[in-house]
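Report on the following structure.
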Amino acid sequence: MSTAEVTVFQPISAISSYVNNALTPRTNLFINHWLVTGNGTESARLAGYQGDDNVLAVSASRLLRQAKV
């Protein structure tokens with residue numbers, strides 16, 4: 001009989017606290033919302049970025065392309 005390997009995932013809060021040290025508060029808020037919703041446009045809106053849906057989508061895209069994010 002073989003033993004199955006178990007993968008342990010870090011809680012989102014642990015990942016967030018690691019990333020939070022290198023980013024602005026608004027970017028941290030965006031990341032937290034994006035981890036919950038998976039929607040960049042909505043996450044940008046909830047984090048306080050301003051503009052219509054197209055502007056928010058571009059902002060989200062730029063944030064998600066950053067290596068630190």
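The values are calculated or read from the model by the stated rules, or taken from the named source; none is laboratory data. What you see is a predicted model; the values in this text were computed from it and never measured. Counting neighbours? That spans all protein chains shown, and the Cβs are built from the backbone with ideal geometry, glycine included. In case anyone asks, the SASA skips ligands and DNA or RNA and just uses the protein heavy atoms, side chains included. Shrake-Rupley method; radii C 1.70, N 1.55, O 1.52, S 1.80 Å.
Here are the numbers:
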| quantity | calculated |
| --- | --- |
| Residues satisfying the stated conditions in the range 43-62, i.e. touching a residue at least 12 places away in the same chain (Cβ under 8 Å) and either surrounded by fewer than 19 Cβ atoms within 10 Å (Cβ to Cβ) or among the hydroxyl-bearing types (S, T, Y) (or both) | S43, L46, G48, Y49, D53, A57, S59, S61 |
| Scan of the range 29-40 for residues that are part of a helix (DSSP H, G or I), over 16 Å from R62 (Cβ atoms) and open to solvent by less than 70 Å² (accessible area, probe 1.4 Å), ordered by number | N32, T37 |
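So that you can scan it fast, the table gives a plain yes or no per residue for (1) part of a loop (DSSP other than H, G, I, E, B); (2) at pLDDT 90 or above:
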| position | (1), (2) |
| --- | --- |
| A4 | yes, no |
| Q10 | yes, no |
| A14 | no, no |
| R26 | no, yes |
| E42 | no, yes |
| N54 | no, yes |
| R62 | no, yes |
